[in-house]
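Enquirer: Pasting a structure below so you can have a look.
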Amino acid sequence: MTDGIPLGQPGLALAAKLAGRVRTAGLEVELPAEDGDRAVGYRLLAMAVRAEAEGHDPEAALRAAARAYRDAIRAVEAAARDRNE
């Protein structure tokens, strides 16, 4: 079931692709338990799996959120420049 999924793609896209294959196959696969230093990765995996199950593309959603964050950063930078002029 995982054959042909490129492991070199971004992690969020990889997680969503794997989740989609599992869902399409009708399998029930438990997510790995959180593991110390890698706990944040497991939480991100769970969020990606949930997003995919709800019909969202987690990679696209994160990119959109990151662009909005970039815009907020630019606005703060512009305001700081204006104050210093």
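The values are calculated or read from the model by the stated rules, or taken from the named source; none is laboratory data. Every value quoted in this text rests on a predicted model; they were computed, and no experiment measured them. With ideal geometry, Cβ positions are generated from the backbone for all residues, glycine too; neighbour counts draw on all protein chains shown. Accessible surface areas use protein heavy atoms only, side chains included; no ligands, DNA or RNA. Shrake-Rupley method; radii C 1.70, N 1.55, O 1.52, S 1.80 Å.
Enquirer: Looking only at the range 32-68, filter to residues that are farther than 10 Å from Ala15 by Cβ and in contact (Cβ under 8 Å) with a residue 12 or more places away in the chain; which one of those is farthest from the chain's Cα centre (by Cα)? First the steps, then the outcome.
Expert: Going residue by residue through the range 32-68, those that are farther than 10 Å from Ala15 by Cβ are 32-40, 42-43, 50, 53-57, 60-68.
Now restrict to residues that are in contact (Cβ under 8 Å) with a residue 12 or more places away in the chain: 32, 53, 57, 62.
On the way: Pro32: 17, Ala53: 13, Asp57: 8, Leu62: 6 Å.
If we take residues in the range 32-68 being farther than 10 Å from Ala15 by Cβ and in contact (Cβ under 8 Å) with a residue 12 or more places away in the chain, then Pro32 is farthest from the chain's Cα centre (by Cα).
Enquirer: On the given criteria, is Thr2 over 18 Å from Arg63 (Cα atoms), open to solvent by 50 Å² or more (accessible area, probe 1.4 Å), assigned to a helix (DSSP H, G or I) and not charged (D, E, K, R)?
Expert: Criteria not met by Thr2.
Enquirer: Taking the range 28-55 only, how many residues are open to solvent by 90 Å² or more (accessible area, probe 1.4 Å) and in a loop (DSSP other than H, G, I, E, B)?
Expert: Selection size over the range 28-55: 5.
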